[in-house]
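Asker: Structure in structure tokens, see below.
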Number of protein chains: 4
Amino acid sequence: MKSYDFEIEMDVRDYELDTQGLVNNSVYQQYLEHARHQLLKKLGLNFNEMHNNGVDAVVHKAELVYKKPLMGDDSFVVRSSIRQSGNVRFLFDQDIYRRPDETLMLTGVVTTVFMSGGRPIRPPEEVVEALKKYRKSHE
Amino acid sequence: MKSYDFEIEMDVRDYELDTQGLVNNSVYQQYLEHARHQLLKKLGLNFNEMHNNGVDAVVHKAELVYKKPLMGDDSFVVRSSIRQSGNVRFLFDQDIYRRPDETLMLTGVVTTVFMSGGRPIRPPEEVVEALKKYRKSHE
Amino acid sequence: MKSYDFEIEMDVRDYELDTQGLVNNSVYQQYLEHARHQLLKKLGLNFNEMHNNGVDAVVHKAELVYKKPLMGDDSFVVRSSIRQSGNVRFLFDQDIYRRPDETLMLTGVVTTVFMSGGRPIRPPEEVVEALKKYRKSHE
Amino acid sequence: MKSYDFEIEMDVRDYELDTQGLVNNSVYQQYLEHARHQLLKKLGLNFNEMHNNGVDAVVHKAELVYKKPLMGDDSFVVRSSIRQSGNVRFLFDQDIYRRPDETLMLTGVVTTVFMSGGRPIRPPEEVVEALKKYRKSHE
């Protein structure tokens, strides 16, 4: 199996369903965002604290392939990995698997950049360090 | 200027903002969905009626590039075009421009397929006809 | 007919529907919030600017009676009035009517207080003045 | 401490925050809905299955008092109780407490009715039985 940096389990909530009885397409982006922020927390980085310090991680691109629809009462796991690309971008590979049968429901690649004062910046030292430390501990 | 099949104006609502004061990334997909459904209506096709007749237009892929963030009190227009790709796919090219300065905020390509009974089907005759009729009236 | 301070027309969007094909209950609160903020704008008050100046209008209580459900493709109007209650509270009476048949769909009373630094404060002078000015111009 | 029929723990997700850095007011209704549906499940009743059988539990009234705001990174528990009122109504008493300090953040009373074919109906036998059985097992 593919290896990931982080996984988080979640349940579909009925208010996330649309009139087709399926999770609305926009809701998957909410799932992925929550998974990314929890991944960052695991690295010791807090999205809300960074924002208060004037640094925002901003989504630049999202490419989502919807394989199969999540439905009411489904449980699922979001598995995510993070990798740096060039000087300013971080890419998150994020896949959603249904529980317990491990069917792949969605694959996504989300590109983020760090911004400060309205401009892209090199990733803050704390982010690069946190990632390095994490990689080392998983070699 | 690029030509589109349909445009719809909308206002950012404060509940759509996140803690950064920006429209949350998932909300753009809601804007695009609403624009697609209104485009279909203009063609004489109703998303909810199709669903009641057992045919669902389902998003297969979404590729979104976030150029600049929409903020509180912003107005914007979603411009969309539809094109068939192969036998079963419809692609929507969808761009969001801020008003009144016409700054490009987001570009998206959303691929949809028609499904019935859990399987992809060729687009219903009414859809193909509606599109043909629309194209003819705009030649 | 009852008289209101402000009205705003809106359309149901398909992503707001739940699996019953009805607008989800939580979405009505989004409609009411948007209507309140637009009412404030009409009075010359901007929710986002007030926030940046350290003053937040915060909902203390919401009492909502769901009369009839809004459905896909419905249009509706939110009609709102504002009144002060005691020293620190503003009450919004907010009703939602379906268009064009003017059926009453929801009645709500939303109590708000102004907060600054985590504490309730007397309404800012600009708010009281804006309201007074508005009342005078409508006598 | 007050006794409840059911409790469920949840975490605030960053996309639920608004520009004030607080959970948006409408989101609490989503939390309460999810808690009610999970309570029903515990009683052996499934919201989506009931809908497919033509019976919908519909919110008639929601009275919410916002005591203190939930913020980013907060955890909380929703505690709910259900009681019948008259022939056709079920009332849910629902309170939200922050974790781990058990501060009361919101108190709510949500009145629901069962509907079938657009009309209120007496609660289905299965619901009454499920509730009776639950009460008996907790005496």
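Coordinate-derived values only; no laboratory data. Please read all numbers here as calculations on a predicted model, not as lab measurements. FYI the Cβ positions are ideal-geometry reconstructions off the backbone, even for glycines, and counts take in every protein chain you see.
Asker: Of the numbered conditions (1) free of Cβ contacts under 8 Å to residues at least 24 places away in the same chain; (2) away from chain B (no Cβ under 13 Å), A:Glu9 satisfies every one except a single condition; which is it?
Answerer: Only one criterion in (1) free of Cβ contacts under 8 Å to residues at least 24 places away in the same chain; (2) away from chain B (no Cβ under 13 Å) is unmet by A:Glu9, namely (1).
Asker: In the stretch A:12-45, which residues are within 15 Å of the chain's Cα centre (by Cα) and within 14 Å of chain B (Cβ to nearest Cβ)?
Answerer: Passing the criteria: A:Ser26, A:Val27, A:Tyr28, A:Gln29, A:Gln30, A:Tyr31, A:Leu32, A:Glu33, A:His34, A:Ala35, A:Arg36, A:His37.
Asker: Within the stretch A:131-138, can one find any residue that is assigned to a strand (DSSP E or B) and either in contact with a helix residue (DSSP H, G or I) (Cβ under 8 Å, 6 or more places away or on another chain) or of a type in the set (S, T, N, Q) (or both)?
Answerer: No, there is no match, as no residue in the stretch A:131-138 is assigned to a strand (DSSP E or B) and either in contact with a helix residue (DSSP H, G or I) (Cβ under 8 Å, 6 or more places away or on another chain) or of a type in the set (S, T, N, Q) (or both).
Asker: Right, another one. Out of B:Asn52, B:Asn48, which single residue is under 14 Å from B:His34 (Cβ atoms) and within 14 Å of chain C (Cβ to nearest Cβ)? I'd like the intermediate steps shown before the answer.
Answerer: Values: B:Asn52 fails: under 14 Å from B:His34 (Cβ atoms).
After applying the criteria, what remains is B:Asn48.
Asker: Is there a residue in the stretch A:56-76 that is in contact with a Gly (Cβ under 8 Å, 6 or more places away or on another chain), over 21 Å from A:Arg122 (Cα atoms), within 14 Å of chain B (Cβ to nearest Cβ) and not aliphatic (A, V, I, L, M)? Talk me through it step by step, then tell me what you get.
Answerer: So in the stretch A:56-76, the residues in contact with a Gly (Cβ under 8 Å, 6 or more places away or on another chain) come out as A:62-65, A:71-72.
This time we only want the ones that are over 21 Å from A:Arg122 (Cα atoms), so: A:63-65, A:71-72.
Checking the rest, the ones that are also within 14 Å of chain B (Cβ to nearest Cβ) come to A:63-65, A:71.
Adding the requirement that they be not aliphatic (A, V, I, L, M) leaves A:63.
Taking every residue of the stretch A:56-76 in turn, at least one turns out to be in contact with a Gly (Cβ under 8 Å, 6 or more places away or on another chain), over 21 Å from A:Arg122 (Cα atoms), within 14 Å of chain B (Cβ to nearest Cβ) and not aliphatic (A, V, I, L, M).
Asker: In the stretch D:55-65, is there at least one residue being of a type in the set (Val, Ile, Thr), under 26 Å from A:Gly72 (Cα atoms) and crowded, with 17+ Cβ neighbours inside 10 Å?
Answerer: Yes, the conditions are met somewhere in the stretch D:55-65.
Asker: Hey, among the residues in the stretch B:1-48 that are among the aliphatic types (A, V, I, L, M) and in contact with a Gly (Cβ under 7 Å, 6 or more places away or on another chain), which one's nearest to B:Gln94 (Cα to Cα)?
Answerer: Going through the qualifying residues, I end up with B:Leu32.
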